[in-house]
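Novice: Let me begin by handing over the structure; questions about it come next.
Bear in mind that the values in this text are calculations on the coordinates, not laboratory data. These numbers were taken from a predicted model, which means no experiment stands behind them. With ideal geometry, Cβ positions are generated from the backbone for all residues, glycine too; neighbour counts draw on all protein chains shown.
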Ligand SMILES: [Zn+2]
């Protein structure tokens, strides 16, 4: 039995059509290519558990993504791993693995979500924060890149991988107890919400990287076990091009 088209879907289609028309007029007036227009269906991500609060992009004052970023161009092109890409359909089908990172900025510095975003956008020339979620030294969880959008956190393996970063340099610092507690909550939530199968360290995907640091690595087996995940990169599925 076919389902009627929802109002939300109709609205998204209208917005897409309007954006295309505006782009065409701009091209006609200026002779320049259309600006890239992104319409993400307003489907909310699954809610975190009642014990987990996430500071939204609006709440921390995120800059909008830059869809013309020089190191992340090629919108919606699965053939280009560094491209900005909005997953179509069910995110639970898209994601298999959570990758754990550290920010590599020592805990005794005044790191903020805005400083992470500035680094990723202005220095790395990515379209947005590379990670999907970030945990600060007080155990506060922040929304990074929209969960509907492929991350930029594990070179060559971003498709199907959720990036979670804990602030600190765990080659030097030890992760704080509150950070480990909250990281477990985040991993438990993501595992259940997106039916993940694996948890991996960033450095397991990219062996040249020390991320998330030697002082974080000993905790990853337990993190995975408690969340019912296997450890390692075995859940990665190469995208079909
Ligand atoms: Zn990393």
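Novice: Stretch residue 230-residue 53 to full length: gain in nm at 0.36 nm per residue minus the Cα-Cα span? Intermediate results must be reported in sequence, preceding the final value.
Specialist: Working: separation 177, 0.36 × 177 = 63.72 nm, distance 2.57 nm.
Contour length minus Cα-Cα distance gives 61.2 nm.
Novice: In nanometres, what is the gap between the two model label sites at residue 70 and residue 115, each 7 Å from Cα along Cα-to-Cβ?
Specialist: My value for the distance between the label points is 2.5 nm.
Novice: Here's another thing I want to ask about it. At R0 = 35 Å, how high is the FRET efficiency between residue 215 and residue 155 if r is their beta carbon distance? Nearest 0.05 is fine. Show your work: numbers first, answer last.
Specialist: Working: r = 23 Å, r/R0 = 0.65.
Calculated transfer efficiency: 0.95.
Novice: Return the whole-Å distance between the Cα centroid of the stretch 98-133 and the Cα centroid of the stretch 139-162.
Specialist: One Cα centre to the other: 11 Å.
Novice: Apply the a/c threshold of 1.5 to the C-alpha gyration tensor of the stretch 45-231 and tell me whether it is rounded, prolate or oblate.
Specialist: Working: a/c = 1.36, a/b = 1.17, b/c = 1.16.
Cα axes put the stretch 45-231 in the rounded bin.
Novice: Then there is this: Take every DSSP beta bridge with both residues inside the stretch 45-231 and express the antiparallel ones as a percent of the total, to the nearest 5.
Specialist: Taking every DSSP beta bridge within the stretch 45-231, about 20 percent pair in antiparallel fashion.
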